[in-house]
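To keep things clear, I will list the structure first and then write my remarks on it.
The values are calculated or read from the model by the stated rules, or taken from the named source; none is laboratory data. Keep in mind the model is a prediction, meaning the values are calculated, not measured. Here Cβ is always computed from backbone atoms with ideal geometry, including for glycine, and neighbour counts include all displayed protein chains.
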Amino acid sequence: MSPLPVALPGAPAGTRLRRATGEDLPDLVALLADDPLGRTRESAADDLEPYRSAFALIDADPDQMLVVADAGNGIVATLQLALLPGLSRRGALRAQVAGVRVRADQRGKGTGGALMSWVIEEARSRGCALVQLTTDASRADAHRFYERLGFRPSHVGFELPL
């Protein structure tokens, strides 16, 4: 994946994109927990160990990248990017985006759009045929955001909690 850190054009001045580190975990979990869905499923208050284990797996995989947008006054956004090879679409490589979050006080300032623009260019530079993501059906604001960026709803997703 492309070298980081880099300036994040379109985000507030001074915002830089960099790979996440283990020291970022408390801030990342706070971002994940800072919405109605996240409040019910994320908590670092009692134990960061599950997050540390997951981070180690992501960080060790050359086809995965957990990135943060750092505005100098802390982490303002994050996402995970995974490159997925597949047989369909004539053996296309896909960029899968997950865990997109922008800090509540930073929404509407261009950071999310800038982050997704970086993802699209990164995917293009890696030879991906498409960028795909899922977002919870209840996240109407997120749906509008992705549609403004040119994404279109294309599949019905299913999950089975284990």
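Starting from residues that are acidic (Asp, Glu) and either assigned to a loop (DSSP other than H, G, I, E, B) or in contact with a helix residue (DSSP H, G or I) (Cβ under 6 Å, 6 or more places away or on another chain) (or both), keep the ones in region 133-162 and report whichever is surrounded by the most Cβ atoms within 10 Å (Cβ to Cβ). Residue satisfying both the conditions and the ranking: Asp136. Restricting attention to region 98-118, the residues being over 16 Å from Arg18 (Cα atoms) and without any contact (Cβ under 8 Å) to a residue 60 or more places away in the chain number 4.
The set of residues in region 82-132 that are in contact with a helix residue (DSSP H, G or I) (Cβ under 7 Å, 6 or more places away or on another chain) and more than 17 Å from Asp70 (Cβ to Cβ) comprises Ala95, Val97, Ala129, Val131. The C-beta contact set for region 64-81 (first residue closer than 12 Å to Leu8 by Cβ and modelled with pLDDT of 95 or more, second residue of a type in the set (S, T, N, Q) and assigned to a strand (DSSP E or B), distance under 9 angstrom, 6+ apart or interchain) comprises Val67/Thr78; Val67/Gln80; Val68/Thr78; Ala69/Thr78.
Among the residues of region 121-131, write down those that are in a helix (DSSP H, G or I) and crowded, with 17+ Cβ neighbours inside 10 Å. Answer for region 121-131, where residues must be in a helix (DSSP H, G or I) and crowded, with 17+ Cβ neighbours inside 10 Å: Glu122, Ala123. All of Ala129, Ala92, Ala123, Ala77 fail the test of being closer than 23 Å to Val29 by Cα and of a type outside the set (Lys, Arg), apart from Ala77.
Restricting Thr78, Thr21, Thr15, Thr40 to residues that are surrounded by fewer than 15 Cβ atoms within 10 Å (Cβ to Cβ), hydroxyl-bearing (Ser, Thr, Tyr) and under 27 Å from Arg126 (Cα atoms) narrows the list to Thr21.
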